[in-house]
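Data block below; observations after.
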Amino acid sequence: MNDFRIALLGLGTVGTAVAELLATTRDECLARAERPVVVDRIIVRNLDRPRSIPEDLPGKKVLTSDPMDAVHDPEIDAIVELVGGEDHPRIWIKEALESGKDVITANKAVLAIHGEELFNIALDQKKGLYYEASVAAAVPVLQVIQQGIPAGPVDRLMGILNGTCNYILDSLEQNSFEQSVELAQQAGLAEADPTLDVSGMDSAHKLALLARILLGYTVSVEDMRVEGIVGIDPIDLSFGWSHDLRLKLVGVLARNGKGTSMGVMPCFLNADHPLSNIRQEDNAILLEADPFGSLVLQGKGAGGKPTAGSVVADILRAARGDTFATPFVEKRQDILDPGAIPMRHYLRLDVPDRPGVLARVAGALASEEVGIAALEQSENLSTKSNIVPIQILTHPVSTIQLDKALERLDEDLKRTTSPVRIRIEE
Ligand code: HSE
């Protein structure tokens, strides 16, 4: 039995968890891979930092700081890229595939942006590019949609794809946005700079990878409407609770006879919606298709150990030589904007508590035919601020039309008000 020799690129939270899992499950790995999996190289940025590498991790475990040592080492069968980022990983993955190695990665950004190039090189080289851990960490959703169900007929996918945002939205029930981000950082979920997560872009990268398998062609985040959770306040969530609605950041892919719409947006879901009770850093993916109705996959969507489980599963697949099935190829459909679909919306405007303001807001909405279904404003009891939130539920209207109405707010209100608008998925 030949050893399957791997190099770990990166020994951060996920890399460390992968090393620990390979050490603690070495017998099981041997049985499942049908050959020993050994770690010959570990690449870290800073060689001076103390590292805890498990003693019973099989392999030579040579610690170096240059990824190219591993990428061009003929003894290495596969590189496991766990560094993250975009430009450098693109080069490492490209050169590793070109020099005949398999690649396992948890890096959704590099694949969402450079996937076309990298998947084609893998295909040409007849090498595996494995990326289960890049979407929904512990949830084996890529395996399921690629191999477990017929991909073609899936008409709709709705997913909570970012554990950090889901954790922050949960926390907003008790804390401010800033406190919630800090708590997510303390829990080891959010990065020091949480922009990629809270802007919705991390979810968009994951949706692009799911879409590629479901649609059979490369999808870019530019094909999507991407909105994040910045600006959402605890009062938005409490308004939702009082109307039996739960706020989630969701990625949605929907197909109809006219085309495909894709987007990542904060949405209010009815309390009995299958995704409304997904809590903390869990992810969940709801799939709808004619043959099976609907199914939900749920599990931990972020963190070292949950991600490591999927990375190790991919390492074992690579060691066995299992490749992902080539996606079926469908004719590229027209891209539709999910913001064009009429839906009820929640709207919050923080406005000065002065006579006539409500009439000006109502006038702007009326000018674009936005109907108000419900409206709430509490008395301002603060002695320090003259600003009050007006919270509105609209009748069904497209996000595009609602945005046009908000553009019609007079300059004075536009200056003082940062409207928050959230779609309501029925
Ligand atoms: N930051 C991501 C999340 C995990 O919170 O879901 C890695 O993609």
Given springs between every Cα pair under 10 Å in a Gaussian network model of the chain, which of ALA271, ALA19, ALA211 has the largest fluctuation? ALA271
Provide the solvent-accessible area of HIS395, counting protein heavy atoms only and rolling a 1.4 Å probe, rounded to the nearest 10 Å². 90
With viscosity set to 0.890 mPa s at 25 °C, what whole-number translational diffusion coefficient in µm²/s follows for the stretch 4-131 from Stokes-Einstein and a Kirkwood radius over Cα pairs? 167
21 Å Cα-Cα threshold exceeded, pairs from LYS60/LYS94; LYS61/LYS206; LYS206/LYS248: LYS60/LYS94; LYS61/LYS206
Considering only ALA122, THR24, VAL71, whose Cα is most displaced toward the positive end of the charge dipole of the stretch 4-131, charges sitting on Cβ of Lys, Arg (+1) and Asp, Glu (-1)? THR24
Helix-only CD estimate at 222 nm, as mean residue ellipticity for the chain, using -39500 (n - 2.57) per DSSP H run (n ≥ 4): -10000 deg cm²/dmol
Per residue, how much accessible area does the chain show when a 1.4 Å probe rolls over the protein heavy atoms, in square angstrom? 43
Assuming a viscosity of 0.692 mPa s and a temperature of 37 °C, what translational diffusion coefficient in µm² per second does Stokes-Einstein assign to the stretch 342-425, Rh being the Kirkwood radius over Cα pairs? 254
Quick check: convex hull over the Cα atoms of the stretch 101-185, volume per residue in Å³, rounded to an integer? 137
MET265, MET343, ranked by accessible area, largest first (probe 1.4 Å): MET343, MET265
With the convex hull built on the alpha-carbon atoms of the stretch 336-384, volume per residue in Å³ sits at 107
Karplus couplings for the stretch 66-80 from phi (6.51 cos²θ - 1.76 cosθ + 1.60, θ = phi - 60°), rounded to Hz, Gly and Pro as x? 10, x, 5, 4, 7, 4, 9, 7, x, 6, 8, 8, 8, 10, 10
Quick one: with all protein chains in place, what share of the accessible area of the chain is carbon or sulfur, to the nearest percent (1.4 Å probe)? 49
Starting at 0 and stepping by 10 Å, how many percent of the alpha carbon pairs of the chain end up in each bin? 4, 21, 28, 22, 14, 8, 3, 0, 0
Gaussian network model of the chain, Cα within-10 Å springs - most flexible of SER310, SER180, SER294: SER294
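The values are calculated or read from the model by the stated rules, or taken from the named source; none is laboratory data. Small disclaimer: the values here were computed from a predicted structure and weren't measured. Here Cβ is always computed from backbone atoms with ideal geometry, including for glycine, and neighbour counts include all displayed protein chains. Protein only, heavy atoms only, side chains kept; ligands, DNA and RNA dropped before computing areas. Shrake-Rupley method; radii C 1.70, N 1.55, O 1.52, S 1.80 Å.
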